[in-house]
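Novice: Below is the structure I would like to discuss, written out as structure tokens.
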Amino acid sequence: MHYLLTIVILLVGWCLFLVWREPSMIYYPDKTPFRTPPGVTDLALTASDGVKIHGWFVPGPTNAPLTVLFFHGNAGNLSHRDEKIAILRELGANVCIIDYRGYGRSEGHPHEQGTYRDAQAAYDHLTKTQHRDPRTIIIYGESLGTGISVELAARGPVGGLILEAGFTSIPDVAQELFPFLPVRYLVRNKYESLRKITGVTAPVLLLHSRQDEVFGYRHAERLYAAAHEPKRLVELRGGHNDAFVQSLPVYRGALKEFFAKLAASADSR
């Protein structure tokens, strides 16, 4: 009986520790100062709860028909996504990218509902301040950003949704990491993409590697199965953070084809 009580106390203590550490296990913001590159416009946005959010608007070619609203992963800040920004611009799109609260030059501290507010502020800037047609806006999320992207795309009209290295939900991921603990029921930041993706009516492109060491390929398969048509799942090669580099021709080809279909659809309306 004494040993059983000890085990229970240890398990409860470990669960409480995980609850306390949850934010630092999900969010890895980088506040290191950085410069804005030439030709890039700084965006000073305000979320609905008053938090000041920093972003960049990177113009594509003249009269670029599409704008990618990019939501990055849980580490670093927007200045670390220059490779992807360059690829998106080469493919003929404008790029709008923001730092969530607590990241880069943005104020505050990150949490799930806050990141949704930050994403909405960026979407509102494109549609209400820049007066862009929502059907020409492609929501693109990588890793943590996929949870934010699905929420935004399910909430309002968009031209398309791209999910790179996505996950079904944080509770699912937590349970995979700690299978012998009831962590699924303790997680506060949920990002329930599998449930919400059924509300997305825009075309969906999923990019995922079978070698992804953070979110297994099964996450992409489940998201793909739940999404509405038209949809496509493209298999990449490489790790969680470098699959787009390791599979660059496949990655660029999938994006180019997706952009071309969306641009043609927008032109026909």
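Novice: Does Asp133 satisfy the criteria of being within 29 Å of Pro65 (Cβ to Cβ) and out of contact with any helix residue (DSSP H, G or I) (no Cβ under 9 Å at 6 or more places or on another chain)?
Specialist: No: the conditions fail for Asp133.
Novice: Regarding Leu66, is this residue over 24 Å from Phe215 (Cα atoms) and not small (Gly, Ala, Ser)?
Specialist: yes
Every residue, every condition in (1) among the β-branched types (Val, Ile, Thr); (2) in contact with a Gly (Cβ under 9 Å, 6 or more places away or on another chain); (3) in a helix (DSSP H, G or I); (4) more than 29 Å from Val187 (Cβ to Cβ), yes or no:
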site: Leu45; (1), (2), (3), (4): no, yes, no, no
site: Gly60; (1), (2), (3), (4): no, yes, no, yes
site: Asn63; (1), (2), (3), (4): no, no, no, yes
site: Phe70; (1), (2), (3), (4): no, yes, no, no
site: Glu83; (1), (2), (3), (4): no, no, yes, yes
site: Ile87; (1), (2), (3), (4): yes, no, yes, yes
site: Gly104; (1), (2), (3), (4): no, yes, no, no
site: His109; (1), (2), (3), (4): no, yes, no, no
site: Thr115; (1), (2), (3), (4): yes, yes, yes, no
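Novice: Among the residues of the stretch 188-201, what is the count of those that are assigned to a loop (DSSP other than H, G, I, E, B) and crowded, with 24+ Cβ neighbours inside 10 Å?
Specialist: 2
Novice: Continuing with this model, one more query. May I ask you to list the residues in the stretch 68-105 that are surrounded by 24 or more Cβ atoms within 10 Å (Cβ to Cβ) and of a type in the set (Ser, Thr, Tyr)?
Specialist: Tyr100, Tyr103
Novice: If you don't mind, another one. Could you count how many residues in the stretch 214-242 are in a helix (DSSP H, G or I), over 24 Å from Thr67 (Cβ atoms) and either touching a helix residue (DSSP H, G or I) at 6+ places or on another chain (Cβ under 8 Å) or not hydroxyl-bearing (Ser, Thr, Tyr) (or both)?
Specialist: Of the residues in the stretch 214-242, 7 are in a helix (DSSP H, G or I), over 24 Å from Thr67 (Cβ atoms) and either touching a helix residue (DSSP H, G or I) at 6+ places or on another chain (Cβ under 8 Å) or not hydroxyl-bearing (Ser, Thr, Tyr) (or both).
Novice: Can you confirm whether the stretch 211-219 contains a residue that is surrounded by fewer than 18 Cβ atoms within 10 Å (Cβ to Cβ) and either in contact with a Lys or Arg (Cβ under 7 Å, 6 or more places away or on another chain) or on the phi > 0 side of the Ramachandran plot (or both)?
Specialist: There is at least one residue in the stretch 211-219 that is surrounded by fewer than 18 Cβ atoms within 10 Å (Cβ to Cβ) and either in contact with a Lys or Arg (Cβ under 7 Å, 6 or more places away or on another chain) or on the phi > 0 side of the Ramachandran plot (or both).
No value in this document is a laboratory result; all are computed from the given coordinates. None of the values given here were measured: they were computed from a predicted structure. So basically every Cβ, Gly included, is an ideal-geometry build from the backbone, and we count neighbours across all protein chains shown.
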